[in-house]
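*Asks:* Got a structure for you, written out below as structure tokens; questions coming shortly.
Computed from the coordinates by the stated procedures, all read-outs in this text should not be read as laboratory data. The shown structure was predicted, so the numbers you read here are calculated from the model rather than taken from an experiment.
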Amino acid sequence: MQARELPQRYSGIWEEATRHPFLDAVRRGTLPAGAFETWLVQDYLFVNDALSFQARLLARAPWPDQAILVQGLVALESELGWFEEQAGRRGLPLEAPRHPPNAAYRDFLAGLEREPYSAALTALWALERAYLEAWQSAAPGAPKYREFVEHWTAPEFADYVGGLEEAADRALASGGEEGRRAEAAFLEVARLERDFWQMALEGGEE
Ligand code: MP5
């Protein structure tokens, strides 16, 4: 099994994760302000959790994968500053509790420590690829969201996702039980991504 086959194999849930109504509203400019703010604050918290997950993944990565994981960690760290700036401009406090779908995502990422390296790497690739495709579906985006669309549709980001895909495929080359664990991790990422958009959209209705 190759990681790159998974979006096609599970196209139903993958579509829900990457073509959510939240993203249509970003494209059209019809998103309620509260939904975007909920997403921004919750995603900042998510990126903190992703940074800690990726640091732990790096600790057990084979040498050929270390460069790309380090590159991703550096990008995540600078992304936190970018989120802080975006939140500051909007006067949004970032010390918020995680909403339940975000807490579920954090727990899932933490649990990947007990999974084979190949499954954890597949999850990392899946969550990055989900964001690439999701924001591509929102492109070019209403002017006020364009900076966000550009952030996750930049060619450098697409290259990074491609590099993770190659690493995940290499890690899965031996097949067997690890492939099944990776497939399960992929499916869980797809569900969590869908739930995250839904949470943000519902945040606009508070
Ligand atoms: C990403 C993200 C992409 N920021 N938020 C969610 C819910 N899923 C995936 O991660 P990154 O590190 O921002 O590219």
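*Asks:* If all Cα-Cα distances of region 1-54 are sorted into 10 Å bins from 0 onward, what percent lands in each bin, rounded to whole numbers?
*Replies:* Histogramming region 1-54 at 10 Å steps yields 20, 32, 38, 10, 0 percent.
*Asks:* Given region 51-206 reduced to its alpha-carbon atoms as identical point scatterers, what log10 I(q)/I(0) does the Debye formula return at q = 0.18 Å⁻¹?
*Replies:* -1.27
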